[in-house]
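Input: a single structure, listed below in structure tokens.
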Amino acid sequence: MKSIKGAIIMRSFYQRRHENGQGMMFRYLFERIQRYTGFPLVYTDSPDLRGLDVALIFATPYHNSPELPAGILKSKAKIICFYGDLPCYGNKLCIKNKRRIFERSNVIMGGFRERFLEWYPEFAYKYAFFPGHYFPYERYEKLKTNMRPLMNCLLSGANNVRYPLRSYIKKYCVENPNKTTRKIHIRKKGYSNHTEYASFINKYFCGIATSGIHNCVVAKYYEYPAAGVLLLAEKVKELDMLGFEPDIHYLPITKETVFIQVDRALAHPEDFTEMRVQARALVRKYHSDINRAYQFKLIIERLMS
């Protein structure tokens with residue numbers, strides 16, 4: 001892609017986060033994309049797109065940074081909007097500017113497929129489903145399925161109204177200590193930095209992944225099986241699209257069945273060895289940062305052909 005002049009544009013505050021080892025999923029992804037495309041990664045709040053053929057604009061606007069730099073809308077470059085988190089959570093300026101950049105963009109890519117098509121059907125023709133992933137591939141590739149794991153299920157992630165099933169499980173475990181709920185480990189860090197995360201979750205036999213109010217597949221759906229951990233997962237439509245089959249790649253859970261499934265998994269771990277192997281093979285083949293970087297390469301090639 002040496003003949004295509006492009007750039008990856010991120011807001012300035014991401015540079016500080018990345019220097020502190022935070023939000024590294026997209027840093028790793030963009031580094032891989034750079035290898036395919038040669039596009040520089042530019043941290044800026046005032047992007048200058050003059051002389052570019054194409055620009056990837058990441059998470060601009062966003063619910064907590066709703067501004068939209070004027071230079072993006074006025075640019076003659078082709079724009080790929082990678083929106084990151086689709087909802088604006090009530091921020092009116094974010095909602096207004098998100099529609100403005102969607103109108104300007106040549107390609108709109110991201111997750112939250114169900115909500116995107118519901119909220120922005122007029123832009124469906126520009127949309128490229130770009131789901132989440134685990135990262136980095138090499139770190140997980142070194143891990144083998146742990147055949148002597150902690151016989152517990154790991155539950156981690158934000159605990160708020162945006163994740164109702166996760167919040168219900170955490171609350172129930174705290175208020176109802178018993179043989180089953182004590183087997184669910186609610187993560188309180190447990191590792192010092194992101195480089196140790198894969199090894200940390202590899203210690204567990206199973207992990208619980210829940211979606212949120214917008215039915216999006218979050219990173220834990222990929223991370224647990226990539227580490228060889230049995231996946232207990234809330235079923236959403238995106239899972240089917242991504243090749244996850246219930247009772248083959250994961251144990252499906254609901255509010256009514258989650259504790260039954262935890263008991264079932266921990267009581268008969270030998271029954272789920274093949275499921276762990278199948279799920280690990282699926283995500284390592286199709287859902288790593290390598291896969292997403294290659295998908296972006298194909299998007300660029302189609303756009304610029």
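Taken over the range 124-143, residues that are hydrophobic (A, V, I, L, M, F, W, C), assigned to a loop (DSSP other than H, G, I, E, B) and at pLDDT 95 or above amount to 2.
Taking (1) surrounded by fewer than 17 Cβ atoms within 10 Å (Cβ to Cβ); (2) touching a strand residue (DSSP E or B) at 6+ places or on another chain (Cβ under 7 Å); (3) closer than 27 Å to Y28 by Cα in turn, Y224 satisfies each apart from (1). Meeting the requirement of 1 or more residues that are small (G, A, S), the strands (runs of 3 or more DSSP E) wholly within the range 28-112 are 54-58, 107-110. Can you pull out the residues in the range 235-254 that are surrounded by 13 or more Cβ atoms within 10 Å (Cβ to Cβ), out of contact with any Lys or Arg (no Cβ under 6 Å at 6 or more places or on another chain) and closer than 18 Å to T180 by Cβ? Residues satisfying the conditions are L251, I253. Restricting N152, N146, N178, N160 to those that are surrounded by fewer than 23 Cβ atoms within 10 Å (Cβ to Cβ), in a loop (DSSP other than H, G, I, E, B) and either modelled with pLDDT of 95 or more or in the same structural domain as G21 (by TED's automatic domain parsing) (or both) reduces the list to N178. Considered as a group, the residues in the range 233-287 that are assigned to a helix (DSSP H, G or I) and of a type in the set (D, E) include one that is nearest to F129 (Cα to Cα), and that residue is E238. Check the range 282-290 and report whether any residue there is crowded, with 19+ Cβ neighbours inside 10 Å and touching a Ser or Thr at 6+ places or on another chain (Cβ under 9 Å). No, there is no match, as no residue in the range 282-290 is crowded, with 19+ Cβ neighbours inside 10 Å and touching a Ser or Thr at 6+ places or on another chain (Cβ under 9 Å).
For the range 59-98, taking the residues that are of a type in the set (K, R) and crowded, with 17+ Cβ neighbours inside 10 Å, the one that is nearest to Q295 (Cα to Cα) is identified as K78.
Within the range 288-305, the residues that satisfy the criterion of being of a type in the set (S, T, Y) and either within 14 Å of the chain's Cα centre (by Cα) or assigned to a helix (DSSP H, G or I) (or both) are S288, Y294. Among residues of the range 222-243 that are assigned by TED's automatic domain parsing to the domain that holds F259 and closer than 16 Å to K142 by Cα, those with a beta-carbon under 8 Å from a residue that is at pLDDT below 95 and charged (D, E, K, R) at least six positions away or on a different chain give the pairs G228/K144.
Collect the residues in the range 10-54 that are surrounded by fewer than 18 Cβ atoms within 10 Å (Cβ to Cβ) and among the β-branched types (V, I, T), keeping them in residue-number order. Hits for the range 10-54 are V42, T44.
Of all the criteria given as (1) touching a Leu at 6+ places or on another chain (Cβ under 8 Å); (2) surrounded by fewer than 18 Cβ atoms within 10 Å (Cβ to Cβ); (3) not in a loop (DSSP other than H, G, I, E, B), the one not satisfied by A7 is (2).
Look at the range 82-103: where a residue is over 18 Å from Y127 (Cβ atoms) and assigned by TED's automatic domain parsing to the domain that holds Y125 and a partner is outside any loop (DSSP other than H, G, I, E, B) and not polar (S, T, N, Q), sitting 6+ places away or on another chain with Cβ atoms under 9 Å, you get N91/Y62; C94/Y62.
The values are calculated or read from the model by the stated rules, or taken from the named source; none is laboratory data. Please read all numbers here as calculations on a predicted model, not as lab measurements. Quick reminder, even Gly has a Cβ in these numbers, built from the backbone with ideal geometry, and neighbours come from all protein chains shown.
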